[in-house]
Amino acid sequence: MEAPVVELEQAVVLAGRFPALAGLDLEVGQGEVVLVRGPNGAGKSTLLRLCAGLTPLKSGKARVLGHDLAADTAAVRPLVGLLGHASALYEDLTVEDNLTFWSRSAGPGALSPAEALELMQVEPRLATVEVRRLSAGQRRRVSISVVALRRPRLWLLDEPHAGLDAQARDLLDGVVRSAVDAGATAMVVSHELDRAHALADRSVAIVGGMAR
Amino acid sequence: MISVLRSASLVLRKDLLAEWRSRVVVGQILPFSIVLLLVFGFALDPDRQVLEAATPGLFWITVLLVSMIAAQRSAAIEAGDGATDGLRLSGLDPAGIFIGKTLAVVVQLVLLEVVLALGVTVLFGRELGGWLLLVTATGLATIAIAAAGTLGGTLTQGLAAGQTLLPVLVLPALVPVLLGATQAWEAALSGQDGGWGWAGMCGVVAVLALLLGAASYGSLLDEG
């Protein structure tokens with residue numbers, strides 16, 4: 001039996017002095033798409049950032065892709081792809097500049113900028129446009145392309161459908177499904193439950209920093 | 001993990017490209033530096049001898065002031081819309097990121113220094129000479145200023161008062177560089193002895209700032 005991709009045991013993460021995650025237990029298996037749902041402030045985004053190695057674990061145990069997060073964060077980070085609320089794009093660079101930088105940063109095995117843009121059907125004319133001139137939806141498509149070009153083994157998607165039109169939402173779901181079919185795993189935080197349920201294999205509810 | 005050199009070259013290219021696309025140095029920092037030189041010139045022009053004697057100090061004060069803007073700009077590139085998270089997840093070596101960002105600031109400062117050097121020649125009437133010492137001291141001082149500025153910019157970027165804190169934090173640390181570069185320039189321009197010792201002092205600060213930045217940049221990114 002394969003080890004879980006995400007394995008949290010009594011995980012506690014602090015936001016200031018207060019626990020954002022208060023003893024969370026969670027297992028996510030290889031090839032699963034897990035919907036993480038819950039009210040605002042429940043700790044869903046914190047959970048994704050913990051799994052990405054961007055937020056430190058205060059206590060408990062956390063293993064991601066076989067690595068202990070407390071001891072080996074640097075090994076985890078290049079293996080995950082996080083689509084957060086922010087675009088994580090450089091405003092003054094063009095779309096192509098951004099994708100070239102992130103593609104080269106990801107090392108061998110990454111998609112080329114053209115391949116990444118094709119995934120989300122970003123119009124070719126936008127390649128030479130600075131990111132600050134893009135609409136919110138166009139930015140979101142480019143951000144998803146950046147996550148996809150790294151070929152992450154664990155996709156962490158925070159409100160991934162926000163700001164996307166119907167066509168782009170379908171494209172995103174297809175991209176995630178293809179990645180999972182190729183062996184990746186995904187955790188999706190969403191308030192758009194109908195669409196997210198259709199994408200996910202199962203769901204987990206988080207309330208007050210704990211799984212319910 | 002991607003190697004230090006590869007990380008540095010990728011970040012250097014990216015930051016220079018961001019500058020090329022936004023034209024902040026050419027459109028804002030360069031005009032500001034020329035205005036500073038003109039203000040110094042107007043203030044001291046009645047006594048031409050004082051102006052000529054003060055040329056090295058005025059040049060380096062101008063470089064220090066504009067370097068704070070360049071450092072803030074360098075930090076702001078990463079601060080925009082979650083780009084720092086992307087860097088942390090990228091697998092780029094943190095020391096390489098720091099070196100790449102420092103080199104990008106060095107390139108921008110060197111361009112500014114060339115224009116400023118022409119400016120002090122024309123406006124202040126001070127002819128440049130002693131080129132080997134002049135160029136060496138300028139190079140070492142520029143690396144020290146860029147490394148300290150990059151470090152300070154990253155340290156203060158997440159703070160509410162970061163823009164005002166940066167010069168308060170970094171300028172005092174760069175007093176030895178201001179002193180060393182000014183004295184080395186004075187020695188080079190007047191043909192006096194002792195200039196190499198002052199240039200060496202700039203070199204020591206440059207090495208210390210580079211080592212400190214390379215060692216701490218990963219932690220600073222995580223804390224930001």
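The values are calculated or read from the model by the stated rules, or taken from the named source; none is laboratory data. Given the structure is predicted, the values throughout are model-derived calculations rather than measurements. Using ideal geometry, Cβ is built from the backbone for each residue, glycine included, and neighbour counts are taken over all protein chains shown.
Number of residues in the range A:63-80 that are in a loop (DSSP other than H, G, I, E, B) and among the charged types (D, E, K, R) equals 1. Here B:Leu128 passes the criteria (1) over 16 Å from the mean Cα position of the chain (by Cα); (2) of a type in the set (A, V, I, L, M, F, W, C); (3) surrounded by fewer than 23 Cβ atoms within 10 Å (Cβ to Cβ); (4) in a helix (DSSP H, G or I) except the one numbered (4). Looking only at the range A:105-115, residues that are buried (at least 20 other Cβ atoms within 10 Å of the Cβ) and within 11 Å of another protein chain (Cβ to nearest Cβ) come to 2 in all.
Listed here are the residues, each with its yes/no results for (1) in contact with a Ser or Thr (Cβ under 6 Å, 6 or more places away or on another chain); (2) over 20 Å from A:Arg151 (Cα atoms); (3) among the β-branched types (Val, Ile, Thr); (4) more than 9 Å from chain B (Cβ to nearest Cβ).
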{"residue": "A:Ser87", "(1), (2), (3), (4)": "yes, no, no, no"}
{"residue": "A:Thr94", "(1), (2), (3), (4)": "yes, yes, yes, no"}
{"residue": "A:Val131", "(1), (2), (3), (4)": "no, yes, yes, no"}
{"residue": "A:Gly137", "(1), (2), (3), (4)": "no, yes, no, yes"}
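Quick one: which helices (runs of 4 or more DSSP H) sit completely within the range A:100-212 and have at least 3 residues that are within 15 Å of the chain's Cα centre (by Cα)? By residue number, A:136-149, A:166-181. In the range B:82-102 there is no residue matching the filter, namely being among the aromatic types (Phe, Trp, Tyr), buried (at least 20 other Cβ atoms within 10 Å of the Cβ) and at pLDDT below 95. If the condition is being of a type outside the set (D, E, K, R) and surrounded by fewer than 22 Cβ atoms within 10 Å (Cβ to Cβ), then the range A:155-178 contributes A:His161, A:Ala162, A:Gly163, A:Leu164, A:Ala166, A:Gln167, A:Ala168, A:Leu171, A:Gly174, A:Val175, A:Ser178.
For the range B:143-182, enumerate the residues that are closer than 30 Å to B:Asp193 by Cβ, hydrophobic (A, V, I, L, M, F, W, C) and surrounded by fewer than 23 Cβ atoms within 10 Å (Cβ to Cβ).
B:Leu171, B:Ala173, B:Val175, B:Leu178, B:Leu179
Only one of the numbered conditions (1) over 17 Å from the mean Cα position of the chain (by Cα); (2) at the interface with chain B (Cβ under 7 Å from one of its Cβ atoms); (3) among the hydroxyl-bearing types (Ser, Thr, Tyr) is violated by A:Ser59, and that is (2). In the range A:163-194, how many are without any contact (Cβ under 8 Å) to a residue 40 or more places away in the chain and farther than 24 Å from A:Val5 by Cα? Within the range A:163-194, residues that are without any contact (Cβ under 8 Å) to a residue 40 or more places away in the chain and farther than 24 Å from A:Val5 by Cα number 8. Considering the range A:17-62, and only residues there that are among the basic types (Lys, Arg) and part of a loop (DSSP other than H, G, I, E, B), the residue that is nearest to A:Asp158 (Cα to Cα) turns out to be A:Lys58. For the range B:1-15, the candidate set comprises residues that are part of a helix (DSSP H, G or I), more than 9 Å from chain A (Cβ to nearest Cβ) and small (Gly, Ala, Ser); within that set, the residue that is surrounded by the most Cβ atoms within 10 Å (Cβ to Cβ) is B:Ala8. Note on the range A:75-85: residues that are modelled with pLDDT under 95 and more than 7 Å from every other protein chain (Cβ to nearest Cβ) amount to 2. The sole residue among B:Ala104, B:Ala83, B:Ala95 that is within 14 Å of chain A (Cβ to nearest Cβ), without any contact (Cβ under 8 Å) to a residue 12 or more places away in the chain and among the aliphatic types (A, V, I, L, M) is B:Ala83. Quick test for you: out of A:Ala148, A:Ala182, pick the one residue that is of a type in the set (Gly, Ala, Ser) and within 14 Å of chain B (Cβ to nearest Cβ). Every option except A:Ala148 fails the conditions. Under 13 Å from the mean Cα position of the chain (by Cα), in a strand (DSSP E or B) and among the aliphatic types (A, V, I, L, M) - does that describe any residue in the range A:81-88? Yes, that holds for at least one residue.
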